[in-house]
Structures are given as C-alpha cells and as structure tokens.
Amino acid sequence: MMLTTQGRVSSCEGVAGVDGLDSATKVNTPDNVLTGLSRLEKLILTLTYYEGLTLRETGTILGLSEQEVRKTLASIERRFARALDEDHAALEMA
C-alpha cells in the first residue's frame, strides 16, 4: 500500500485480499458483489476485517471519517445480504 503526503492511499498494491478483485460481472451473487466493489470499498473491507483495524484507524489511513467508513461497510453488507437472498431464492426454485 502506498500513502501520499496527505495520508491518503494512492495504491493498494500488496494489500492482502485486494489484488485480482477488479473484474465485475452482472450476476448478483456474493462472489460477484465482492468483485464489483470499488478499490476504496475493497480497501475498507481489507483493512477492517482482514487486517483487524478499527473503523477510526481505517478512516485515518484512507483519509475518511469514521462515519464514512461505517456507512460504506453498511452499504457493502446490504449488497451482500441482497445477493445471498437472491442466491438462496434461486436455489429454492431449482
């Protein structure tokens, strides 16, 4: 990960769990929700869940407020929940 002089992330190269997740597809499955996330969303997930940082620490590294990190995580969680519901409904129909 590379930081600018303002403390913002300019690259997420070498951050565990981020490389290779940039292709997006149209089918709404949990895997495709993950691949459809923006670089910032991937960084927030990686820093918070994989690296174990607090929301405040994640926000400081990315130049965001704790509230912005919290809102972004909530949005991601809602997308995953919808995808899981759709995936489950598709399995029930099959």
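Take the residues in the stretch 50-94 that are hydrophobic (A, V, I, L, M, F, W, C) and farther than 22 Å from T29 by Cα, then tell me which one is nearest to the chain's Cα centre (by Cα). Working first, answer last.
At the first step, the residues of the stretch 50-94 found to be hydrophobic (A, V, I, L, M, F, W, C) are 53, 55, 61-62, 64, 69, 73-74, 76, 80-81, 83-84, 89-91, 93-94.
From the residues that got through so far, the ones that are farther than 22 Å from T29 by Cα too are 53, 55, 61-62, 64, 69.
On the way: L53: 14, L55: 13, I61: 15, L62: 13, L64: 14, V69: 10 Å.
Only one residue fits best here, namely V69.
Within the stretch 53-75, the residues that satisfy the criterion of being outside any loop (DSSP other than H, G, I, E, B) and surrounded by fewer than 18 Cβ atoms within 10 Å (Cβ to Cβ) are R56, E57, T60, E66, Q67, E68, R70, K71, L73, A74, S75. For the stretch 34-49, the set of residues classified as buried (at least 16 other Cβ atoms within 10 Å of the Cβ) and either among the polar types (S, T, N, Q) or more than 8 Å from the chain's Cα centre (by Cα) (or both) consists of G36, T46, L47, T48, listed by residue number. Taking first residues from the stretch 45-63 that are within 20 Å of L34 (Cα to Cα) and partners that are basic (K, R), the Cβ contacts under 8 Å between residues at least 6 apart in sequence or on separate chains come to L55/R70; L62/R8.
None of the figures in this text is laboratory data; all of them are computed from the coordinates on show. Treat the numbers as computed from the prediction; the structure is a model and nothing was measured. When we count neighbours, we look across all protein chains shown, and the Cβ atoms used for this are built from the backbone with ideal geometry, even at glycine.
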